[in-house]
Structure formats: C-alpha cells, structure tokens
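The values are calculated or read from the model by the stated rules, or taken from the named source; none is laboratory data. For clarity, every value in this text was computed on a predicted model and none was experimentally measured. All Cβ positions, even for glycine, are placed from backbone atoms using ideal geometry, and neighbour counts span all protein chains on display.
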C-alpha cells in the first residue's frame, strides 16, 4: 500500500556542525566497503582506517554501524537514480526513454550481488532487530521510487500519461521491473540474468506500463 511517510534519518547527529569533508570521507569508505564485504563483514574500525579518520571522528558523525550502513544505502540510491535521468528534454523518445533509462539504473541497483545479499541478510534477522529492516526499507526501496513517482506525477499533469495515483503506479513499475527473477535470485535458485535478458525484460516492462497508462486518444509518446 502506498505511503507518503518520509525516510527517517536517525543518523543525523545533533549538536554543533561537524567537519563535512571528514563525514564525506567516512561515507565514501562505507559506500565502497559495505557493497564489497557486506554488513557483517565490515567493522567500524575498518571503515575509520579506510577513511583515514579516527574512531572518535567517525562516531561524531554516525552513532553506530547501523546508522552508517543506512547513510550509505541512502547515498547509493540517490546517486543511482539521480534527477538528470528524468529530464524529458534529453529524451529522444519522450516518456519511454525516461522510463527505460531510469528502469535500467533501478535494475542495475537491485540486481547487484551485494543488494541481493543485503535483502537476504535483512530477511534473516530476528523480529527484535526489525528496526534496521524498517529503516533500510525507507532509505532504500522506498527512496528509489520517489523520483519515479515525481516523474509520473509530472507526466500525468502534462497529459503524457494517465496516472491518477502516481505513488501506487511507481510501486507497480518497481514490481514490474523486479518480476520473478528478483525473487529467484533472493532465494538462490538462479544466477543473475545476462545483460541481454535484463534488457529484454526492461523493455517489455516499460512498454507494458506505458500501455496500461496511455491517455485516452493518445497513441504515442
């Protein structure tokens, strides 16, 4: 069910502003290490060493490993689905081009081996630690569909598509892109699709989505 709740940012520390350059160094190190070694394979000591800062500096920016992990997840998602992807002025085929290139970035993100391992790790955590899963969902999966939702709202307002519920439609688009292959990857019963297979799936999903939301009387984008 769609939700308008904004992502929670428990990793934003109160108090005096800290050195932003050192925060970026820590975050950059986390973005490199978590995808390579996974949540359980990275320690705060390792991240501090990689970033070239002291543990005291690290903890002045992030309360704990959960906070740093979530900040890295959010940063990666924002970078992957950047605003320039949704610029219609650079799209030769209008709405279709925008959805194809956004969908391509989305699929690249969710199909990465570390993304799959993260889903598995969170699914296996006990109910007592569900807070991390809740926060990951807000700062990961939910965050990735926000720019898609905004674009679909724009497409509806300009008459390019007929989408009275952009948030729900963004969720539908995400689900179409994931399809069955994503579930199969998570439970370990298939390898990652080839680039050719992924591209064919992407184009099929985009065309199906556009046909479902074609404005009355409009036959092309």
Answer yes or no as to whether residue 207 is touching a residue at least 24 places away in the same chain (Cβ under 8 Å) and surrounded by fewer than 15 Cβ atoms within 10 Å (Cβ to Cβ). yes
Okay, helices (runs of 4 or more DSSP H) sitting entirely in region 28-133 with 3 or more residues that are surrounded by 17 or more Cβ atoms within 10 Å (Cβ to Cβ) and either modelled with pLDDT under 90 or not assigned by TED's automatic domain parsing to the domain that holds residue 200 (or both), I get 44-51, 55-61, 65-80, 113-123
- Task: Report yes if residue 140 is over 30 Å from residue 215 (Cα atoms) and in contact with a helix residue (DSSP H, G or I) (Cβ under 6 Å, 6 or more places away or on another chain), otherwise no.
- Result: yes
Checking 159, 140 in turn, the sole residue that is in the same structural domain as residue 104 (by TED's automatic domain parsing), closer than 23 Å to residue 85 by Cα and surrounded by 14 or more Cβ atoms within 10 Å (Cβ to Cβ) turns out to be 140
Only one of 62, 34, 69, 86 is out of contact with any strand residue (DSSP E or B) (no Cβ under 7 Å at 6 or more places or on another chain) and more than 22 Å from residue 134 (Cβ to Cβ), namely 86
Expected single match for without any contact (Cβ under 8 Å) to a residue 12 or more places away in the chain and more than 30 Å from residue 158 (Cβ to Cβ) among 57, 49, 90 is 49
